[in-house]
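The values are calculated or read from the model by the stated rules, or taken from the named source; none is laboratory data. Because the structure is predicted, anything quoted here is derived from the model rather than measured. Cβ placement follows ideal geometry from the backbone for every residue including glycine, while neighbour counts extend to all protein chains displayed. Surface areas here come from the heavy atoms of the whole protein model, side chains and all, with no ligands, DNA or RNA. Shrake-Rupley method; radii C 1.70, N 1.55, O 1.52, S 1.80 Å.
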Amino acid sequence: MEGRHYRTVIISDVHIGSAHSKVREAADFLSKVECDRLIMNGDIIDGWQLQKKSADKKWSPEYTRFVDVIMKMMETNGTEVIYLRGNHDDFLDNIVPLSLGSVSILQDYILESGSHRFFVTHGDVFDSVTSKMEWLAKLGDVSYTVLLRFNSIYNRIRTRQGKPYFSLSQAIKHKVKQAVSFISGFEKMLSDLARSKHCDGVICGHIHYPEDRMIDGIRYMNSGDWVESLSALLEDEDGNWRIMKYREEYL
């Protein structure tokens, strides 16, 4: 897999600044691929978590390496970088849209993929919990952080027993998110919006669950996250898309 060239690579939800971010693994993955276009689809930087940290702990060498890898992709391969804001990096709201050379910071994006058009957005603006009840979203963020700590302990025990990694926190969160999605019509709203923009599909992040399926004739793809699933979306030279899972392909 190392060194393979892709037309497009999409990652989301790295949550740089969170204690549970797998930013090292994200940097390792990006260092091993080449692409024409890198789309960072929201929540790459976790402003909510960085605000809680003291000045001497806000930035680490791992974060610098992540940025260095992206800079090298731009310099060596001419990679175009598109950064879409999410709810945890909503501090970007004051500057979007912004273009600086090969880097664009946008609210959302229309991606041309062969004969298909995809509406690319983080997805939080269509989630009734995060867009209308910010206090509840932040309470959920705290609860999720606690759950991740239990997950670390749980998997240390599994490792000693010779058992594979199992994301207890992701399993629980996905069940909760399924309920939220059902209530708010999250995925359906995204699919309907893509259709209204004359697109064949929608690509999002936000719910930390990688997926690729059809919803009423619209292709719905989710790039997952770099907290638990460690996944990305890849488009090859022929316009074929697939979900990449780091633990299965690079470990």
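No other residue among Gly224, Gly217, Gly239 is at pLDDT 75 or above, open to solvent by 40 Å² or more (accessible area, probe 1.4 Å) and at positive phi apart from Gly217. For segment 33-71, the set of residues classified as within 26 Å of Glu112 (Cβ to Cβ) and of a type outside the set (A, V, I, L, M) consists of Glu34, Cys35, Asp36, Arg37, Asn41, Gly42, Asp43, listed by residue number. The number of residues in segment 1-50 being closer than 14 Å to Asp236 by Cβ and of a type in the set (Val, Ile, Thr) comes to 4. Screening Gly101 against (1) modelled with pLDDT under 95; (2) of a type outside the set (A, V, I, L, M, F, W, C); (3) surrounded by 11 or more Cβ atoms within 10 Å (Cβ to Cβ) leaves a single unmet condition, (3). Scan segment 104-143 for residues that are modelled with pLDDT of 85 or more, outside any strand (DSSP E or B) and open to solvent by 40 Å² or more (accessible area, probe 1.4 Å) and report the count. So the answer is 4.
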